[in-house]
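Contents: one structure, followed by commentary.
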Amino acid sequence: MDEAGPDTLRFTGITSETVGEIARAVGIALQELAVQQASLEERYMELTGEAVDYRTAANPKLVTAAPNAS
């Protein structure tokens, strides 16, 4: 569980039904209970965010300019 805003809690790893049952059992009235899922693109970026398709040279002196085609 983490706070997603001043009046919002975010639960991961349990169903919304379980959250509702726990809240009812301890006497908490919920104003709204919504299931949110990441889009496929968001999930892909979470999984691959550290990977890169390219790298820059570690030493700028190793990068040479292409010869002029004049």
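Checking each residue in the stretch 22-37 for being touching a Leu at 6+ places or on another chain (Cβ under 9 Å) and open to solvent by 100 Å² or more (accessible area, probe 1.4 Å) picks out only Arg24. Taken over the stretch 11-33, residues that are small (Gly, Ala, Ser) and closer than 15 Å to Met1 by Cβ amount to 4.
Looking only at residues in the stretch 1-42 that are among the charged types (D, E, K, R) and assigned to a loop (DSSP other than H, G, I, E, B), the one that is modelled with the highest pLDDT is Glu32.
For the stretch 1-21, the set of residues classified as open to solvent by less than 80 Å² (accessible area, probe 1.4 Å) and of a type in the set (D, E, K, R) consists of Asp2 only.
The values are calculated or read from the model by the stated rules, or taken from the named source; none is laboratory data. Please read all numbers here as calculations on a predicted model, not as lab measurements. Note that each Cβ is placed from the backbone with ideal geometry, even for glycine, and that neighbours are counted across all protein chains shown. Side chains included, ligands, DNA and RNA excluded: accessible areas come from the protein's heavy atoms. Shrake-Rupley method; radii C 1.70, N 1.55, O 1.52, S 1.80 Å.
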